[in-house]
Amino acid sequence: EADIYQTPRYLVIGTGKKITLECSQTMGHDKMYWYQQDPGMELHLIHYSYGVNSTEKGDLSSESTVSRIRTEHFPLTLESARPSHTSQYLCASSPSDRDTEAFFGQGTRLTVV
Amino acid sequence: AQTVTQSQPEMSVQEAETVTLSCTYDTSESNYYLFWYKQPPSRQMILVIRQEAYKQQNATENRFSVNFQKAAKSFSLKISDSQLGDTAMYFCASWFSNEKLTFGTGTRLTIIP
């Protein structure tokens, strides 16, 4: 089992609240990713990082922000949650070598009411 | 643009039968890596099988094997002797040189008892 953890697993929160989704990995991986998974299950890359102090926006525009102050930690923050942010968020990490797969956390299911 | 396409949104098969999931991709690169991931209902995404583009031999992992046709840019997954635990979303994915793991839209596979 991969050593990548997401908390919380489930979150129901009111509109306008600030939230942070946590993602940590203990494998020393340089690369980390956030994906948003819609109800049809399609995965959309919203943020990625190649290492400490490196963050990039993904293919899908997102109002969320990320930070990478430590190798093992890649939190995602929504300053003001809206119902349109309701989704499943998956965090993943991988080493620098492309011949090694990415490892995924269990996901956070966010519901904004 | 580098893309990964899965044209079968849903499939179902009787237990113990063989099923093949299709995946095509588009890239001008010669060296890349291809993956099949499995996401069981409400569970973590895990790697099923991996293929390196410069290797001509098709990868095999127990009941799972791939048919990699580089010229046709095709990467199908064959599941032999299917089991109830194989019921899941299956995603085809690839590392291209842009260092982002690109996913297809997924195939929902149901194994019927």
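The values are calculated or read from the model by the stated rules, or taken from the named source; none is laboratory data. Bear in mind the structure is a predicted one, so any value in this text is a computation, not a measurement. Here Cβ is always computed from backbone atoms with ideal geometry, including for glycine, and neighbour counts include all displayed protein chains. Areas reflect the complete protein model, heavy atoms only, side chains present, ligands, DNA and RNA absent. Shrake-Rupley method; radii C 1.70, N 1.55, O 1.52, S 1.80 Å.
Worth pointing out:
- Residue B:30, sole failed condition from (1) assigned to a strand (DSSP E or B); (2) within 14 Å of chain A (Cβ to nearest Cβ); (3) open to solvent by 20 Å² or more (accessible area, probe 1.4 Å): (1)
- Residue in the stretch A:57-68 that is at pLDDT 90 or above, in contact with a Gly (Cβ under 8 Å, 6 or more places away or on another chain) and within 22 Å of residue A:16 (Cα to Cα) present: no
- Top-ranked residue of the stretch B:73-112 - restricted to ones that are under 25 Å from residue A:59 (Cβ atoms) and small (Gly, Ala, Ser), ranked as farthest from the other protein chains (Cβ to nearest Cβ): B:74
- Residue B:16 at positive phi and among the hydrophobic types (A, V, I, L, M, F, W, C): yes
- Residue check for residue A:52: within 29 Å of residue B:88 (Cβ to Cβ) and open to solvent by 10 Å² or more (accessible area, probe 1.4 Å): no
- Filter result for residue A:46 (within 12 Å of another protein chain (Cβ to nearest Cβ) and at negative phi): yes
- Scan of the stretch A:67-99 for residues that are surrounded by 15 or more Cβ atoms within 10 Å (Cβ to Cβ), part of a loop (DSSP other than H, G, I, E, B) and within 14 Å of chain B (Cβ to nearest Cβ), ordered by number: A:95, A:98
- Just one of the listed residues (A:28, A:40) is part of a loop (DSSP other than H, G, I, E, B), open to solvent by 50 Å² or more (accessible area, probe 1.4 Å), within 18 Å of residue A:96 (Cβ to Cβ) and out of contact with any Phe, Trp or Tyr (no Cβ under 6 Å at 6 or more places or on another chain), namely A:28.
- Listed conditions (1) at positive phi; (2) within 11 Å of chain B (Cβ to nearest Cβ); (3) of a type outside the set (A, V, I, L, M) are all met by residue A:53, apart from (2).
- Candidates A:63, A:22 - the one that is acidic (Asp, Glu), surrounded by fewer than 20 Cβ atoms within 10 Å (Cβ to Cβ), under 14 Å from the mean Cα position of the chain (by Cα) and closer than 23 Å to residue B:42 by Cβ: A:22
- Any hit, the stretch B:61-83, residues being open to solvent by 50 Å² or more (accessible area, probe 1.4 Å), in a loop (DSSP other than H, G, I, E, B) and within 23 Å of residue A:103 (Cα to Cα): yes
- The listed residues are B:95, B:36, and the only one of them that is closer than 23 Å to residue A:107 by Cβ, modelled with pLDDT under 95 and in contact with a strand residue (DSSP E or B) (Cβ under 6 Å, 6 or more places away or on another chain) turns out to be B:95.
- Search result, residues across the stretch A:1-48 that are small (Gly, Ala, Ser), at pLDDT below 95 and farther than 22 Å from residue B:36 by Cβ: A:28
- Condition check for residue B:25: assigned to a strand (DSSP E or B) and more than 10 Å from every other protein chain (Cβ to nearest Cβ): yes
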